[in-house]
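Since every read-out is calculated from the coordinates, none of them should be taken as a lab result. Predicted, not measured: the structure shown is a model, and the values here were computed from it. Neighbour counts are summed over all protein chains in view; Cβ atoms, including those assigned to glycine, are modelled from backbone coordinates with ideal geometry.
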Amino acid sequence: MKVEELVRSTIKKYNMLTNGESVLVGFSGGADSVCLIDILHKSGYSVIAAHVNHGMRDTAGRDMEFCRNFCEKREIPFECTIIAKGTLKNEADARAARYAFFTKIMKKRGISKLATAHNKNDSAETVLLHMLRGASTDGLKGILPIDSGVIRPLLGVKKSEVIDYCRLCGLKFMTDETNFDNHYTRNRLRNKTIPELSEDYNPKIIDTIADNALITAADADFLKLAAKQKFDDLFCQNGIDAVKMKTLHPAIMTRVIQLLWKVNNPQNLPRQYIEDVEKLIFSGKSGVSLDLPGGYMAKLNFGFLKIEKKENIFEFEISVVPGNWYNIEQIGIQIKIEKADTKDNGFIISLDRTQKITVRSWRDGDRFSPPGLCGSKKLSDFFADIKIERSERKKIPIICADGRIAAVSSLRVDSSFMPGAREENYRVIIR
């Protein structure tokens, strides 16, 4: 099939453009973009060319003038911008600058489609790079034909076919000399590794990898939809139902975890952390948490998995003199312990007059003796009984007398400090 037919077939297959539709083309002046803009223009689409002079090569001005002249001869509207030399530091900066300019022109001209000249080789190279660095199914789907309003009509065309098309049509193009610098990983892959794979293993290596990438993309899309349905089924205010999560296929479970992470984070959660979250789910241990990137944590509480920002709740301990208000900034409360009279109906504890009163945060290993229980109970177990999550426990003020726990906030008093058990009754006020 001829290149023009391949491009038109791709446009039709993925419903990229309608007849005569306006489209912005990222026009670098290289063989790929020359081929693309020529075919789209001849096919009757309303083409606008957009060129970015990144100021990163001495020949950047030459390429810009070539693109301008190419468009003028064909009466193709031409938009360009020049970025001051030294502004952009690397390819990531250059890409961001390009797409920012493309977005600006699309808004200016009321265009909804951007066409880039990625070809079949580009997709195969992307798959190999991701594979070498480690990637999931999503990373092995290569470059997509349509992605967030960007269309890629050349994706079914190999680089050699692009060059042949330009030569047969008498189309000149610019060559970026940095493409031959094998200092860059992608260039080494393109100029050395892929030719060696083609010669030694598979002459159609580009077709094989790129075609498999499209199959993988379809599989990844199906798994994405299935995971979203499960996520919607299992998600609630308390988090994700961890018991039901255990029944999911591993391919779906990892994606559901990723969706939970992405509620608050745009970037993917690295694989090693997903594996840690899976272990947390299967442990079934309530109150356990693990640290995640960016100051987040995953925690399991009462059968539900949550991923949320860690709060900076600090340890605190203050001495308290009855009758005075005290502000505990770390947990955002004020507390006052004052003598109670017989008519008081609030939270009452009893203390000896000489006891030193302190208010502090909860510590692992804390125990107290709630009324009606023979012996003591761990505060962690008490918190679990009344369904206070581990992340909230540091916010509960612990009232101590001579270092012994007298009361857990205004929730429960220790049996040794019940009203009337000691010299004076005191009212605990928290606001």
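Tabulated results
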{"item": "Order of LEU129, LEU379, LEU259, LEU36 under a 10 Å beta carbon neighbour criterion, fewest first", "result": "LEU129, LEU259, LEU379, LEU36"}
{"item": "Global geometry of segment 317-430, whether rounded, prolate or oblate, following the gyration tensor of its Cα atoms and the 1.5 cut on a/c", "result": "oblate"}
{"item": "Folded to 0 to 90 degrees: helix 250-261 orientation relative to the chain principal axis, Cα", "result": "70"}
{"item": "Order of THR185, THR247, THR254 - criterion: other Cβ atoms within 10 Å of each residue's Cβ, fewest first", "result": "THR247, THR185, THR254"}
{"item": "Nearest 10 degrees, 0 to 90: helix 205-234 Cα axis against the chain principal axis", "result": "30"}
{"item": "Qualifying aspartates and glutamates (Cα of each under 17 Å from Cα of LYS228; at least 8 residues distant if same chain)", "result": "ASP138, ASP219, ASP241"}
{"item": "Stretch gain in nm, segment ASP138-PHE302, where the contour uses 0.36 nm per residue and the Cα spacing is subtracted", "result": "55.8 nm"}
{"item": "Links that overshoot a 21 Å alpha carbon limit, given the list LYS89/LYS113; LYS89/LYS309; LYS120/LYS262; LYS141/LYS204; LYS310/LYS378", "result": "LYS89/LYS113; LYS89/LYS309; LYS120/LYS262; LYS310/LYS378"}
{"item": "Fluctuation leader among PRO153, PRO293, PRO145 - the chain, Gaussian network, Cα springs under 10 angstrom", "result": "PRO293"}
{"item": "Straight-distance crosslink candidates among aspartates and glutamates, where the alpha carbon sits under 15 Å from LYS107 and sequence neighbours closer than 8 are dropped", "result": "GLU79"}
{"item": "Expected 222 nm ellipticity per residue - DSSP helices of 4 or more, -39500 (n - 2.57), all of the chain, to 500", "result": "-11500 deg cm²/dmol"}
{"item": "Cα-based helix-to-principal-axis angle, 120-133 vs the chain, degrees rounded to 10", "result": "30"}
{"item": "Residue pairs, from the table LYS306/LYS336; LYS306/LYS394; LYS12/LYS159; LYS159/LYS192; LYS12/LYS158; LYS2/LYS159, whose Cα atoms sit over 23 Å apart", "result": "LYS306/LYS336"}
{"item": "Alpha-carbon centroids, segment 109-137 and segment 260-300: separation in whole Å", "result": "29"}
{"item": "Order of CYS67, CYS236 - criterion: other Cβ atoms within 10 Å of each residue's Cβ, fewest first", "result": "CYS236, CYS67"}
